[in-house]
Amino acid sequence: RPRVLSGIQPTADSFHLGNYLGALRQWVTMQDDHDAFYCVVDLHAITVEHDPKLLRKRTRVSAAQLLALGIDPDRSTLFVQSHVPEHAQLGWVMQCLTGFGEASRMTQFKDKSAKQQAERISLGLFGYPALQAADILAYQAAFVPVGEDQRQHLELTRDLAQRFNSRYGRTFRLPEPYILKDAAKIYDLQDPGSKMSKSSSSPGGIIELLDDPRVSMKKIRSAVTDTGREIVYDPENKPGVSNLLVIYSALADRPLAALADEFAGKGYGDLKKAVGEVLVEFVTPIQERVRGYLDDTAELDKILARGAERARAVTSVTLARTYDKLGFVAPV
Ligand code: TYM
């Protein structure tokens, strides 16, 4: 079975609909026929200023959401990044392979550092993509299910793997991004020109999985739509309506192409109502399951400990081979 790895940051109280439709949905389906490794990337979460109490809480809430969404810890390896020290160790090696110019061109870094004074931008934020490369390469992953915004980091990951292999001998498998066509980017409901994002969307623009469903319904009702009245999938000219159609299609499990017929003769209000209804139906049982996992954090921590142990069985082998190729003297 081909190996898969992906990660998500524990930097918000809830995952949002973009996380789910762009990436996590594939995490769940891919575990059926892949050897899947999924991690909550807490090391990445400290690249910007953070509150330790919140991080601890959000790491568990993130793991609970992944379980509630259907990640099965018996079939998939679910773990917390900092429990597997090889990520940080291999991350250092990847930093030493990454060019300053190359790292400077990363758009996520440019976005996140744009409004900051230089003194406040950490080396960790600059080196973030090198750590992400290590996350992936440590597992020799074949596929990495992510949203469109991660494409550039995956290209860097492939470049670093290739560079290491050609300098020191074949060591890393080159991973392929696994990015869905239609839902690769879910847009802000209030600003359908930009992606739904925990750091830049206004509260009205982002749908959080753990939010009160009535609040989410209201946000959908006030989503920005487009001029005209026809409900058609046309991202160029009707970004707002198209975004709602993509969301509906994914949550109702109906092909996008069938929706023009389904909504023929109906208005934007009908579409919003339909989206609101499928959303509530989707999040309600998930919220209940999340509460269940959080009621027993001892059990949750045990699941994560088991995951870390399985992860280390893989990463320790990769790290030992990497260190050997680099010329490190092995400890006896
Ligand atoms: P993060 O935590 O920002 O987001 C988690 C996943 O959600 C996807 N995503 C979206 N997809 C579609 N539309 C959106 N509006 C949207 N917003 C977010 C992201 O593409 C991502 O797949 N750097 C990564 C975390 C990471 C990682 C890794 C991923 C660390 N190491 C190794 C893969 C492999 C990040 O910031 O994701």
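The values are calculated or read from the model by the stated rules, or taken from the named source; none is laboratory data. Predicted model only: the values in this text are computed from it and were never measured. Ideal geometry is used to build each Cβ from the backbone, glycine not excepted, and the neighbour counts take in all protein chains shown. When the accessible area is computed, the model is the full protein with side chains, heavy atoms only, and any ligands, DNA or RNA have been set aside. Shrake-Rupley method; radii C 1.70, N 1.55, O 1.52, S 1.80 Å.
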Checklist entry - Angle, helix 268-295 long axis vs. longest principal axis of the chain, Cα atoms, 0 to 90°, nearest 10? => result 40
Item to check | Reach of residue 185 by Cα under 23 Å, taken over lysines that are not fewer than 8 positions away in the same chain | outcome: 110, 112, 195, 198, 218, 219, 238, 272, 273
Checklist outcome for this item: CD proxy, 222 nm, the chain: helix-only mean residue ellipticity via -39,500 (n - 2.57) per DSSP H run with n ≥ 4, per residue, nearest 500, stands at -16500 deg cm²/dmol
Checklist entry - Considering amide H positions built from the backbone, and no H for Pro or chain starts, which residues 5 or more places from residue 7, or on another chain, come under 5 Å of its amide H? => result 39
Checklist entry - Roughly how many Å² of residue 309 are accessible to a 1.4 Å probe, to the nearest 10? => result 140
Next on the checklist: Sort 33-40, 129-136, 80-87, 156-163 by packing, meaning the average of other beta carbons within 10 Å per residue, with the highest value first.
Outcome noted: 129-136, 33-40, 80-87, 156-163
Item to check | Solvent-accessible area per residue for the chain (1.4 angstrom probe, square angstrom) | outcome: 49
Checklist outcome for this item: For the stretch 216-277, shape from the Cα gyration tensor axes a ≥ b ≥ c, cut at a/c of 1.5 then a/b versus b/c, turns out rounded
Next on the checklist: Rounding to the nearest 10 and keeping the result within 0 to 90°, find how far the Cα-based axis of helix 123-137 lies from the longest principal axis of the chain.
Outcome noted: 90
Checklist outcome for this item: In whole percent, the fraction of accessible protein surface over the stretch 167-308 that belongs to carbon or sulfur atoms, probe radius 1.4 Å, stands at 49
